[in-house]
Amino acid sequence: MVEVESVLRENYEKPSSLYEMERTGGEPALVAYDEEAGVLVFMDCSPESPTGRRELCYDREAMALRIKKGVRPKGNVVKMAAAMGVEVLTEEQYRWLQAVGEFDTHVQLAENTREC
């Protein structure tokens, strides 16, 4: 069995990323442990998109397209994730999370597309 506190102490950047997830309205939860890599896997298990992470485009290109159309997104997912020190879920990871429980139920999933 893994000692969560000791793994977090060894990975000092994780607590600040978890804080950022919570600060933006998320509900980070420990969902897995990769024994081979010694990595705790946290995902946001909010019932719907956190309030601090809504009205975003996927990336800078998609944001520029929306602005040209007169829509002003609050930012983009890729930049926000980098600033928070987290990774954007892949489609496969997102589908796995949805199989575990009902999370992020009101999201309009913008898979890695150029338009949002």
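The values are calculated or read from the model by the stated rules, or taken from the named source; none is laboratory data. The model shown is predicted, which means the values in this text are computed figures rather than measured ones. Cβ coordinates were reconstructed from backbone atoms using ideal geometry, including for glycine residues, and neighbour counts include every protein chain displayed.
The set of residues in segment 4-31 being within 15 Å of the chain's Cα centre (by Cα) and outside any helix (DSSP H, G or I) consists of T24, G25, G26, E27, P28, A29, L30, V31.
Among the residues here, V77 does not qualify as surrounded by 12 or more Cβ atoms within 10 Å (Cβ to Cβ), at pLDDT below 90 and either among the aliphatic types (A, V, I, L, M) or in contact with a strand residue (DSSP E or B) (Cβ under 6 Å, 6 or more places away or on another chain) (or both). Name the residue, out of R72, R66, that is touching an Asp or Glu at 6+ places or on another chain (Cβ under 9 Å) and in a loop (DSSP other than H, G, I, E, B). Being touching an Asp or Glu at 6+ places or on another chain (Cβ under 9 Å) and in a loop (DSSP other than H, G, I, E, B) holds for just one of R72, R66, which is R72. Candidates are the residues of segment 35-61 that are touching a Ser or Thr at 6+ places or on another chain (Cβ under 7 Å) and not charged (D, E, K, R); the one that is farthest from W96 (Cα to Cα) is G52. Candidates are the residues of segment 87-116 that are touching a Leu at 6+ places or on another chain (Cβ under 9 Å), assigned to a loop (DSSP other than H, G, I, E, B) and within 19 Å of L40 (Cβ to Cβ); the one that is modelled with the highest pLDDT is L89.
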